[in-house]
Amino acid sequence: MEEDLFQLKQLPVVKFRRTGESSRSEEDGISGEHEVQIEGVRTELEPVELGDGAAVPKEFANPTDDTFMVEDAVEAIGFGKFQWKLSVITGLAWANAMEMMILSILAPQLHCEWRLPSWQVALLTSVVFVGMMSSSTLWGNISDQYGRKTGLKISVLWTLYYGILSGFAPIYSWILVLRGLVGFGIGGVPQSVTLYAEFLPMKARAKCILLIEVFWALGTVFEVLLAVVVMPTLGWRWLLILSALPLLLFAALCFWLPESARYDVLSGNQEKALATLKRIATENGAPMPLGKLVVSRQEDRGKMRDLFTPHFRWTTLLLWFIWFSNAFSYYGLVLLTTEFFQAGDVCSISSRRQEVKAKCSLSCEYLTEEDYTDLLWTTLSEFPGVLVTLWIIDRIGRKKTMALSFLVFSFCSLLLFLCVGRNVLTVLLFIARAFISGGFQAAYVYTPEVYPTATRALGLGTCSGMARVGALITPFIAQVMLESSVYLTLLVYSGCCLLAALASCFLPIETKGRGLQESSHKEWGQEMVGRGSHSPG
């Protein structure tokens, strides 16, 4: 007891200054300061009076805020084991790129096997995008109204079911309907990015969303490799069935997925959101912030009018065109790659037009082993596209990254006007695809960041819907217009990307270094300008 009293007597004096700062000193007698000194055994501390306007000293304040938001908790917990698991599971959903890549392989095969005219081949591709276009906004609305996890699970299971079923289509009309239903389900898969982004700390968000895009690249590469093995032996039906494998794996693991804590808070489920955050903290081995979780003011969620408020109207319209141009150019290049490789080079397409007219209109050519090899090389360009975007997106910002990607694609398209050989053609297609896929990935980073939680899924869904409009139109440019003029076709894609580069520069908001906005009733960026960079003042 005497030893404890001795230690208490050795405690320094705490002196309060009017500036609100505090210091510890063993010197006394400084005027204008109020002291609290512990002497002996005392039951009460002497009252301390602070001057008017004086702040509470830090030493007497709670070391943590008494309340915290979901953003604070996500930043405090950081990136760990939970986010790695989430990356893999949402990545499996994102590997639906196989269902898209199969279009460039399936089209020439059915053209030959079922003797389809070119407009029916183009329609087979377009119907997938019709389904995606018609459902993207719906899936976004479902995700805002009923939860990100709910929308994502239903859309993936839908795609899985009709993807397998389309492998059993007996005639053209059946496969047309079934692939349209597959497209309807694929329209909801981008909501995996919404769910994923809302669990990521600010500093890791751009890199992680870009890394999840690796699953898209893996899906396209795996589809080409699968086609090399399956098409000569088992045929296109088995290719359609086996292409659903990543979605089947997702369906088996999706029970682990939590609902977004941001969505739960916005919808009034504070306890569920807190339980989710505690689960993340436990898996990551990180402490939870002290205090009480703030429940955001409940808002109408998933309302289209919120995308056209004065603050977001210009952003929404520009993003719609950017997404349209991205998909229009990306899928156009995928389809053109097959056409160019079958012809040998760009000039061969023009010189062969007269030969084609002389032949039967239903004449066709199957994809050869060399075609699959070159298709694989251009597909591998997705990986350097991810790496380049990963390197520049946090250096020059989201807007400039998208603009640069469009400019490089446009330049490579113009170079195709030259009568280059097959090797140079492969290089130009490789670079063009790397950058247009990088621009697509940058758009997937920017869009969830720019919209508030109440409309984030809807904003991403409508942008995805506009992308499908571009993808819907592109087969008639890359496959039908190509028969009339290869140069006009290339000019259309180049001009579209130049306009998209300008649109990227005119976006009013740069989201680099910003936190996700929770409320649509606050000015953008008012809630978070990087909490880690806040000064004590």
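Applying 1/(1 + (r/R0)^6) with r as the Cβ-Cβ distance of Leu253 and His311 and R0 = 35 angstrom yields a FRET efficiency of 0.35. In terms of its C-alpha gyration tensor, segment 65-298 has a prolate overall shape, because the principal axis ratio a/c (a ≥ b ≥ c, square roots of the eigenvalues) is not below 1.5 and a/b outweighs b/c. Put simply, when 147-157, 449-459 are sorted by average Cβ atoms within 10 angstrom per residue, most first, you get 449-459, 147-157.
Sequence-distant contacts, meaning Cα pairs under 8 Å at least 6 residues apart, place the relative contact order of segment 76-223 at 40 percent.
For the pair segment 202-238 and segment 169-183, the centres of their Cα atoms are 22 angstrom apart. The Rg/Rh ratio of segment 189-242, with both radii computed over alpha carbons and Rh defined as the Kirkwood radius, is 1.21. Starting from 0.36 nm per residue, how many nanometres of slack lie between Arg115 and Lys85 once their C-alpha separation is accounted for? Roughly 6.2 nm would be gained on extension. Note on surface exposure: Lys303, Lys272 rank Lys272, Lys303 by accessible area, highest first, 1.4 Å probe.
Taking packing as the residue-averaged number of other Cβ atoms within 10 angstrom, the listed peptides 286-293, 98-105, 460-467 run from highest to lowest as 460-467, 98-105, 286-293. Would you mind checking Lys207/Lys272; Lys85/Lys153; Lys149/Lys292; Lys149/Lys399; Lys81/Lys292 for any pair whose Cα atoms are more than 18 angstrom apart? Listed pairs above 18 Å: Lys207/Lys272; Lys149/Lys292; Lys149/Lys399; Lys81/Lys292. In whole Å, how far is the Cα centre of segment 474-515 from that of segment 301-330? So the separation of the two Cα centres works out to 16 Å.
Annotation: amide H-H contacts under 5 Å for Phe68 (H modelled 1.01 Å from N, sequence separation of 5 or more, or interchain): Lys292, Leu293, Val294.
Counting pairs of Cα atoms in segment 141-261, how many percent are more than 27 Å apart? For segment 141-261, the fraction of Cα-Cα distances above 27 Å is 25 percent. Stokes-Einstein diffusion for segment 214-314 at 20 °C, viscosity 1.002 mPa s, with a Kirkwood radius from C-alpha pairs, works out to 118 µm²/s.
The values are calculated or read from the model by the stated rules, or taken from the named source; none is laboratory data. Only a predicted model underlies this, so the values are computations on that prediction, with no experimental measurement involved. Reconstructed Cβ throughout: ideal geometry from the backbone, glycine too, with neighbour counts over all protein chains shown. Accessible surface is based on the protein model in full, side chains and every heavy atom, while ligands, DNA and RNA are left aside. Shrake-Rupley method; radii C 1.70, N 1.55, O 1.52, S 1.80 Å.
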